[in-house]
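Peer 1: First, the structure itself, so that you have it in front of you.
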Amino acid sequence: MLSRKNRLILLKLLSLFSVVRGYNILIIALAQYLASIYILAPDLPLRQVVFDLNLFMIVVASALIIASGYIINNFYDAEKDLINRPRKSMLDRLVSQRFKLSTYFVLNFLSVLAASYVSFRAVVFFSAYIFGIWLYSHKLKRIPFLGNFVSATLAISPFFAVFVYYKNFDTVIFVHAIFLFLLILAREMIKDLENMTGDLAQNYDTIPILYGAKVSKLLISCLILLTLIPSLLLIIKFDVGYMHYYFMGCVLLLLLFLVLLLKSGTKRHYVWLHNILKLIIVVGVFSILLINVDLVLNRIL
């Protein structure tokens with residue numbers, strides 16, 4: 001049996017893990033490695049990519065900054081989250097705001113230290129990334145659509161860092177990036193519908209609050225329809241191996257999403273829609289393996 005003190009320490013660790021959303025960070029780190037192996041540097045030996053210390057430091061720097069970004073976002077949204085996510089907020093509050101801020105600065109310092117191993121340009125990039133996340137959390141997230149756009153841009157920035165490192169400018173990479181960006185942007189706008197109660201209470205000027213849920217749904221529908229374009233291109237025009245089955249599934253899910261979006265009207269509906277987009281993104285990470293199944297099989301056998 002754990003003592004009361006040990007239980008409290010365990011709860012605080014769980015609270016910190018909840019604040020930084022450790023599960024999201026693990027998925028992003030895995031996505032960076034899989035994208036490097038199968039999309040950005042497919043011609044390099046697997047061992048050379050996996051054991052590349054520069055790539056590892058880029059992934060570490062990205063993970064630390066994302067964790068610090070969740071902390072500063074949680075700091076600014078503490079009151080709003082208490083309304084929108086009361087259970088999660090109660091867990092998050094087990095760690096003091098002072099400790100969160102201290103952790104935020106330490107993580108940012110360590111991320112820049114990791115980036116300095118790669119190059120001075122990496123330090124500049126990740127320093128700008130840190131500033132961008134702070135500016136978004138402090139100011140930009142309250143601006144309709146611009147906040148959503150910046151949030152989606154920040155979400156794909158870790159992949160941009162790896163893209164710049166490998167200097168691979170194939171068209172298929174840009175199509176993948178557009179697909180992911182549009183999905184994340186649509187998800188950010190769904191979150192605004194999902195969090196209307198807390199946003200209204202805290203005077204956040206989001207699209208559904210300023211212009212109504214119908215306008216927000218129309219914009220999200222347009223984004224989903226635009227997402228179908230890179231999906232179809234990746235199925236028809238580009239060689240993505242067996243991953244084309246993933247994009248076929250995406251087309252069907254996105255069409256279902258549109259139907260459900262038109263019928264939605266409650267927070268529960270918006271949570272389901274949010275989870276559909278999250279499922280597409282997470283499954284997409286593991287589906288990268290399907291681009292070159294032989295590479296996987298050769299390493300297993």
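Peer 1: Residues in segment 48-55: is at least one polar (S, T, N, Q), at pLDDT 90 or above, surrounded by 14 or more Cβ atoms within 10 Å (Cβ to Cβ) and in the same structural domain as residue 158 (by TED's automatic domain parsing)?
Peer 2: No, segment 48-55 contains no residue that is polar (S, T, N, Q), at pLDDT 90 or above, surrounded by 14 or more Cβ atoms within 10 Å (Cβ to Cβ) and in the same structural domain as residue 158 (by TED's automatic domain parsing).
Here is a yes/no grid of residues against (1) assigned to a helix (DSSP H, G or I); (2) among the small types (Gly, Ala, Ser); (3) not assigned by TED's automatic domain parsing to the domain that holds residue 232:
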position: 117; (1), (2), (3): yes, no, yes
position: 131; (1), (2), (3): yes, no, yes
position: 155; (1), (2), (3): yes, yes, yes
position: 187; (1), (2), (3): yes, no, no
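Peer 1: Kindly indicate whether residue 188 is within 30 Å of residue 237 (Cβ to Cβ) and touching a residue at least 24 places away in the same chain (Cβ under 8 Å).
Peer 2: So residue 188 fits the description; yes.
Peer 1: Ok, one more. Could you check segment 148-198 and list, in sequence order, the residues that are touching a helix residue (DSSP H, G or I) at 6+ places or on another chain (Cβ under 7 Å), under 17 Å from residue 129 (Cβ atoms) and not hydrophobic (A, V, I, L, M, F, W, C)?
Peer 2: If the condition is that a residue be touching a helix residue (DSSP H, G or I) at 6+ places or on another chain (Cβ under 7 Å), under 17 Å from residue 129 (Cβ atoms) and not hydrophobic (A, V, I, L, M, F, W, C), then 151, 157, 158, 165 are the ones that fit.
Peer 1: Select, from 233, 210, the only residue that is in contact (Cβ under 8 Å) with a residue 40 or more places away in the chain and either outside any helix (DSSP H, G or I) or surrounded by 14 or more Cβ atoms within 10 Å (Cβ to Cβ) (or both).
Peer 2: The match here is 233.
Peer 1: Additional query: Out of the residues in segment 164-193 meeting the condition of being farther than 18 Å from residue 231 by Cβ, among the charged types (D, E, K, R) and surrounded by 21 or more Cβ atoms within 10 Å (Cβ to Cβ), tell me which one is nearest to the chain's Cα centre (by Cα).
Peer 2: 188
The values are calculated or read from the model by the stated rules, or taken from the named source; none is laboratory data. Owing to the predicted nature of the structure, the values given are computational and were not obtained by experimental measurement. Reconstructed Cβ throughout: ideal geometry from the backbone, glycine too, with neighbour counts over all protein chains shown.
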